[in-house]
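Below is one structure; the comments refer to it alone.
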Amino acid sequence: MIEFDKVTTRGGDRGESGLYNGERRSKHDMLFEALGDVDELTAALGIVRFELGELHAGDSIFEAQQVLFKVGAQVATPVTDPLYKKIHIVETSDIDTLELHLKRLLDHTEIGRVFITPGEQRCSAYIDVARTVCRRAERSIVRCIRERRMSYLAESQNYLNRLSDYLFVLARASEQDKLS
């Protein structure tokens with residue numbers, strides 16, 4: 001047998017995975033779907049950050065990725081578990097910072113009144129893909145809030161809502177060569 005113990009635990013071979021506190025649940029549980037959507041968004045933003053390179057907007061994308069780690073930690077840790085008090089959670093200040101980035105972009109980006117067809121350029125297309133993944137992650141979080149009564153995820157949902165707005169404007173700014 002090949003030793004994979006640093007990566008492969010075989011713990012999920014029966015269709016289960018563990019939350020942060022070790023609680024096992026089915027891999028199709030809505031919490032893991034939400035975690036997967038947030039993970040996919042973090043990865044999609046990695047592509048965006050790479051495409052933006054040294055541009056200032058790349059810093060805001062890195063900040064967003066860091067906040068998404070908080071979202072994931074909140075989803076993966078039951079609020080009733082003592083570990084919840086040890087994790088970093090999404091706060092109003094995270095939303096405020098993102099709104100500041102959004103306002104700065106809006107100050108010099110033209111937003112038309114027509115539907116956008118993604119693909120004007122590679123970078124904006126990647127940003128639009130990240131935006132759609134963000135909307136899916138938001139829907140997953142809303143589902144957790146409503147079906148599992150996880151109201152403590154409200155700030156995470158608000159953050160994702162604002163992040164998708166930011167990504168929409170960032171894509172348009174990218175197309176208009178308004179990023180610095």
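Since every read-out is calculated from the coordinates, none of them should be taken as a lab result. Predicted model, so just to flag it, every value in this text is computed and none were measured. Note that we place each Cβ from the backbone using ideal geometry, even for glycine, and neighbour counts take in every protein chain shown.
Given the DSSP H assignment, sum -39500 (n - 2.57) over each helix run of at least 4 residues in the chain and divide by its residue total; what's the result at 222 nm in deg cm²/dmol, nearest 500?
Details: 5 runs with 107 residues, N = 180.
Here the helix-only value at 222 nm equals -20500 deg cm²/dmol.
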**Asked** Expressed in nm to one decimal, what extension gain is obtained for the pair residue 69 and residue 115 from 0.36 nm per residue of sequence separation less their Cα-Cα distance?
**Response** 13.4 nm
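What order, most packed first, do the peptides 139-151, 82-94 have when packing is the mean number of other Cβ atoms within 10 Å of each residue? Please report the intermediate quantities before stating the final value.
Details: 139-151: 16.2, 82-94: 13.8.
Per-residue Cβ counts within 10 Å, averaged per peptide and sorted highest first, yield 139-151, 82-94.
On full extension of the chain, what length is gained from residue 178 through residue 96, given 0.36 nm per residue of separation minus the C-alpha to C-alpha distance? Could you put the intermediate results ahead of the total?
Working: separation 82, 0.36 × 82 = 29.52 nm, distance 2.21 nm.
Length difference between fully extended and current span is 27.3 nm.
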**Asked** Quick one: Cα centre-to-centre distance for the stretch 66-134 and the stretch 25-64, in angstrom?
**Response** 9 Å
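What ranking do 132, 77, 117 get, fewest neighbouring Cβ atoms within 10 angstrom at the top?
Values: 132 14, 77 20, 117 7.
Listing 132, 77, 117 from fewest to most nearby Cβ atoms yields 117, 132, 77.
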**Request:** Would you mind checking the tilt of helix 30-52 against the longest principal axis of the Cα atoms of the chain, expressed as 0 to 90 degrees and rounded to 10?
**Result:** 40 degrees
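Which value, in debye to the nearest 20, describes the size of the charge dipole of the chain about its Cα centre when Lys and Arg Cβ atoms bear +1, Asp and Glu Cβ atoms bear -1, and nothing else is charged? Each step should come with its number before you reach the end.
Numbers: 25 positive and 29 negative charges, 116 e Å.
With Lys and Arg at +1 and Asp and Glu at -1, about 560 debye.
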**Message:** Give me, ordered by chain and number, the residues 5 or more places off residue 16 or on other chains with an amide H under 5 Å from its own placed amide H.
**Reply:** 27
**Prompt:** Taking only Cα atoms, what is the 0 to 90° angle, nearest 10, from helix 56-76's long axis to the longest principal axis of the chain?
**Reply:** 30 degrees
**Item:** J(HN,Hα) series, the stretch 93-104, from Karplus relation 6.51 cos²θ - 1.76 cosθ + 1.60, nearest Hz, glycine and proline x
**Value:** 5, 5, 5, 4, 4, 5, 5, 5, 4, 4, 4, 4
**Asked** Hey, rough spin-label estimate for residue 86 and residue 132, points 7 angstrom out along Cα→Cβ, what's it come to in nanometres?
**Response** 4.0 nm
**Prompt:** Rounded to the nearest 0.05, what FRET efficiency do residue 27 and residue 161 have when you use their Cβ-Cβ distance and R0 = 25 Å?
**Reply:** 0.40
**Prompt:** Along the charge dipole of the stretch 59-180, Cβ charges K/R +1 and D/E -1, which of 121, 80, 154 sits furthest on the positive end?
**Reply:** 80
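Across the chain, how many lysine pairs, 8 or more positions apart or on different chains, have C-alpha atoms separated by under 22 Å? Please give the number.
Details: 6/27; 27/70; 70/85; 70/86; 103/178.
Qualifying lysine pairs in the chain: 5.
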